[in-house]
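So the structure is just underneath, and the comments pick up after that.
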Amino acid sequence: MSRVLGAAVPLSAAARLQLMWLASPALPVGGFSYSEGLEAAVESGFITNEATAGAWLRDQMHLSLARSDLAVVAKALPAWQRHDLARITQLNDWIGHTRETTEFKLQAEQMGRSLVEWVRNRGASVAPNDPRLAQCAALKPAPTWPVAFALAVAQCLPDNPASTAPHSNTIKDTLLSFAFGWAENMVQAAIKSVPLGQSAGQRILQSLIDDIPAAIDHACALPDSQRQAFTPMLAILSSQHETQYSRLFRS
């Protein structure tokens, strides 16, 4: 059955604030404690200054984030709005099965579990009896970060029946929040590990912001058959980071 796009209803002020909140590095999910291979890239000499750090993160955003996590969030949000647990389980399994290292898998699961707990405890603005929260928490072996993020957003939006889908602008606003949160965390990791000054970090963040819309467009256009997680060098560096002698970030 074909799906009809919902009307272009602007997000409420509360929903927009929620997206800003989810993008905050102060969100207590532990994102700041991971470098996603960047620290190992510094140790190996691939990243030495502002230019190489910026190029590395832009490549990571387009080749990894856009083709994997952003694409999953774009599918998980409407699935949560439809209360489609089978689809959510499929997406969560895909994230777990395609993480290329133990480090990446543990990060996705730890941040997912932490976000579920944050959603559970964030107060009266969310219905405490929403069955989706328990469903997300029960995902095996754990709720992953992109799937939990999509639920946190879906709880601020109206449900959609099975015959409709959220308007594309709602999905893109959600992906903007997800991508910006990732970019800010990674820039802070670069500032600490290269190391770089704050001004250099802000210039890198601006370059990532300039590229985020194109990454989101790519993620939204990907069918399931073209979603992928294949970044061999990043996987090698992540594996090396697990046993790196001296490190600032979690492994």
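Brief remarks on what is shown
- Label point distance in nm, Gln206-Gln135, each placed 7 Å from Cα along Cα→Cβ: 4.4
- In segment 113-242, Cα pairs under 8 Å separated by at least six residues give a relative contact order of 18 percent.
- Environment charge at Arg58 (Cβ cut-off 13 Å; Lys +1, Arg +1, Asp -1, Glu -1): -3
- Rolling a 1.4 Å probe across all protein chains gives Lys172 an accessible area of roughly 70 Å².
- The chain: relative contact order in percent, alpha carbon pairs under 8 Å with at least 6 residues between: 40
- Spatial separation of Cα centroids for segment 165-219 and segment 71-134, in angstrom: 20
- Taking the charge dipole of the chain about its Cα centre, with +1 at Lys and Arg Cβ atoms and -1 at Asp and Glu Cβ atoms, the residue from Ala152, Gln206, Leu22 reaching farthest to the positive side is Ala152.
- Carbon and sulfur %, accessible surface of the chain computed with the full protein complex present, 1.4 Å: 58
- The solvent-accessible area of Trp56, taken with every protein chain present and a 1.4 Å probe, is close to 50 Å².
The values are calculated or read from the model by the stated rules, or taken from the named source; none is laboratory data. Quantities reported herein were computed from a predicted structural model and do not represent experimental measurements. Don't worry about glycine lacking a Cβ; one is built from the backbone with ideal geometry, like all the others, and counts go over all protein chains shown. For the accessible areas, the whole protein counts, side chains as well, though only heavy atoms, and no ligand, DNA or RNA atoms are used. Shrake-Rupley method; radii C 1.70, N 1.55, O 1.52, S 1.80 Å.
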